[in-house]
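Comments concern the structure below.
What follows draws every value from the coordinates through simple rules; no lab data is involved. Keep in mind that this is a model prediction, so the values were computed, not measured. FYI the Cβ positions are ideal-geometry reconstructions off the backbone, even for glycines, and counts take in every protein chain you see.
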Amino acid sequence: MDLVKLTENIVKSLVFNVDAVSVKEFSTEDENTILIQVMVDSADMGRVIGKSGRTANAIRTLVQASSALSDNKYIKIDIDKF
């Protein structure tokens with residue numbers, strides 16, 4: 001499965017303003033690392049990060065597990081607001 005699409009589906013299921021979600025993949029210097037940037041509305045930022053970052057860590061864990069099944073690359077997810 002495409003890791004960006006997976007991340008987008010997970011984040012869109014958490015937020016109220018689905019149209020404001022933007023998920024993009026960026027290349028890094030390390031070829032074994034994928035950087036995924038998630039942009040959400042400022043009102044939904046707390047829902048995506050969660051208490052003490054638990055929701056954000058759960059998203060990272062799910063995407064990393066999916067990566068381990070296919071191409072086994074390290075995933076870094078950066079969550080920011082508009």
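When you scan segment 1-29, how many residues do you find that are part of a loop (DSSP other than H, G, I, E, B), within 20 Å of Leu69 (Cβ to Cβ) and either free of Cβ contacts under 8 Å to residues at least 12 places away in the same chain or under 13 Å from the mean Cα position of the chain (by Cα) (or both)? So that I can check it myself, show each step before the final result.
At the first step, the residues of segment 1-29 found to be part of a loop (DSSP other than H, G, I, E, B) are 1-2, 13-17, 21, 27-29.
Right, trim to within 20 Å of Leu69 (Cβ to Cβ) and you get 1-2.
Filter once more, so that each one left must be either free of Cβ contacts under 8 Å to residues at least 12 places away in the same chain or under 13 Å from the mean Cα position of the chain (by Cα) (or both): 2.
Adding up the residues that qualify gives 1.
Please work out which residue is nearest to Ser13 (Cα to Cα), limiting yourself to segment 59-82 and to residues that are free of Cβ contacts under 8 Å to residues at least 60 places away in the same chain, of a type outside the set (S, T, N, Q) and surrounded by 13 or more Cβ atoms within 10 Å (Cβ to Cβ). Walk me through how you get there before you give the answer.
Initial filter on segment 59-82 (free of Cβ contacts under 8 Å to residues at least 60 places away in the same chain): 59-62, 64-65, 68-69, 71-74, 76, 78-81.
If we keep only those that are of a type outside the set (S, T, N, Q) too, we end up with 59-60, 62, 65, 68-69, 71, 73-74, 76, 78-81.
From what's left, surrounded by 13 or more Cβ atoms within 10 Å (Cβ to Cβ): 59-60, 62, 73-74, 76, 79, 81.
Working: Ile59: 12, Arg60: 15, Leu62: 14, Lys73: 25, Tyr74: 24, Lys76: 20, Ile79: 15, Lys81: 17 Å.
Filtering first and then ranking leaves Ile59.
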* Scanning segment 49-82 for residues that are among the β-branched types (Val, Ile, Thr) and part of a strand (DSSP E or B), which turns out nearest to Ser22 (Cα to Cα)? -> Ile79
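Within segment 30-48, can you find the residues that are of a type in the set (Val, Ile, Thr), surrounded by 16 or more Cβ atoms within 10 Å (Cβ to Cβ) and closer than 15 Å to Val63 by Cα?
To start, the set of residues in segment 30-48 that are of a type in the set (Val, Ile, Thr) comprises 33-34, 36, 38, 40, 48.
Adding the requirement that they be surrounded by 16 or more Cβ atoms within 10 Å (Cβ to Cβ) leaves 34, 36, 38, 40, 48.
Scanning segment 30-48 gives Ile34, Ile36, Val38, Val48.
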* Which residues, counting only those in segment 31-48, are part of a loop (DSSP other than H, G, I, E, B) and touching a residue at least 40 places away in the same chain (Cβ under 8 Å)? -> Asn32, Asp41
